[in-house]
Structure formats: structure tokens, C-alpha cells
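The values are calculated or read from the model by the stated rules, or taken from the named source; none is laboratory data. Predicted model, so just to flag it, every value in this text is computed and none were measured. Because the Cβ atoms are built from the backbone with ideal geometry, glycine has one as well, and the counts that use them run over all protein chains shown.
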Amino acid sequence: MITRALKKTISKHIKDKKAIIVLGARQTGKTTLLKTIASELNDVLWLNADEPDIQAIFENATSTRLKAYFTNYSYIFIDEAQRIKDIGIKLKLITDQLPNKKLIVSGSSAFELASQISEPLTGRKWEYHLFPISFQELSNHFGLLEETRMLPHRLVYGCYQEVVTNAGKEKELLKQISDSYLYKDILQ
């Protein structure tokens, strides 16, 4: 796996009280990054908000119900948080009412999620954007000489994680990503 520079930044804030929010386009590696961080911690609850039963946890959520649900966990990861209705208010409840819980949240629909969390979490969050893999990250993984040689290729096909790690399938994968995700996000 290619180590992302953002991992070090997030790890630096993993013990403080503020929520960590990771935004970015689809398929940039947000879930992979957060699962890597979660695997290095204890008492982790991973919630995938694509699942209807996870969304239901947050329906009519009160601080009392959230405390009961999260009582055995120190770290609460919520992936695809934009799927949860009124997520900003729910995240504020967690950060304000459960001060001993660390909240780490990701969202693929960056515009939608950012607009929902900006006001409620003012002063309560570290917000980061994860972009496709950088030249520095690729150089650290594959070596500077190799990446310098690959630069013309990267300029054509970009640096989405799946595209970079599946040599020979770049055109097909990039077409899938653009057809499935990028146009949808742009239209939203």
C-alpha cells in the first residue's frame, strides 16, 4: 500500500479532542487511509454510513442514545458520513457530549458534507482534503528515478490509487472512475 502523507498529519491529532474530517473525491483512498489508521488503534468502532442500519443509529439521535451506543469505544470512525441526514448536528452532539470519544469522519461527496458540517463543527474539527496520490507519495513508494520515468504516463492517466496500482488497465479504470463518480460529483 502506498503511504499517504496525510496519515502522519492525522496521526498527530488522533489524541486531541477535535473531530477529524477527511473530505475528497471518490476513489482517492479515504477509506483505505482511515482503515489503516483504525488498525493501529484500540477500542475502535467503524461505521459505514452506506448501510441503512448505520444511518438508522443517527435518526432522532440524542446525546443519551449516542452515549449508550458508543460507550465501549474510544474511537468512532464514520465512513461516507454524507449519507446521514443532518450529519453536522449529530457530529456536534458527539464532540460536545462525548468528550472522551475521538470522532474521525470521511465523506466522498465533499461539497455536500462540507456544507453540512462547517457551521455546527466550527472550532471543533480538523478538516483535511485527500487528493489522488501525489508525486512525493509515489516517489517515496516506488523511488524517485522510477517515478521520474513514469511522469509522462502519470500526466496522461493521473494518480488515482486504483489506476496507479493496476498497470495495463489504466484506460479502462479511469473511464470507470470518470463515468461512475466524477461526472456525478460535478453535476451535484
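Numbers at a glance
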read-out: Hey, ASP43 in contact with a strand residue (DSSP E or B) (Cβ under 7 Å, 6 or more places away or on another chain), under 27 Å from PHE131 (Cβ atoms) and of a type in the set (Asp, Glu) or not; value: no
read-out: Criterion (surrounded by fewer than 17 Cβ atoms within 10 Å (Cβ to Cβ) and either more than 30 Å from ASN140 (Cα to Cα) or out of contact with any Ser or Thr (no Cβ under 9 Å at 6 or more places or on another chain) (or both)) met by exactly one of LYS15, LYS92, LYS101; value: LYS15
read-out: Criterion: at pLDDT 95 or above and loosely packed, with under 15 Cβ neighbours inside 10 Å - qualifying residue of ASP43, ASP79; value: ASP43
read-out: Single unsatisfied condition, ILE10 versus (1) of a type in the set (Val, Ile, Thr); (2) under 21 Å from GLY123 (Cα atoms); (3) surrounded by fewer than 17 Cβ atoms within 10 Å (Cβ to Cβ); value: (3)
read-out: Scope segment 46-76; condition surrounded by fewer than 17 Cβ atoms within 10 Å (Cβ to Cβ), within 22 Å of ILE14 (Cβ to Cβ) and β-branched (Val, Ile, Thr); matching residues; value: THR71
read-out: Count - residues of segment 136-164 that are surrounded by 13 or more Cβ atoms within 10 Å (Cβ to Cβ) and touching a residue at least 24 places away in the same chain (Cβ under 8 Å); value: 10
read-out: Residues satisfying the stated conditions in segment 25-64, i.e. of a type in the set (Gly, Ala, Ser) and more than 19 Å from the chain's Cα centre (by Cα); value: ALA56, ALA61, SER63
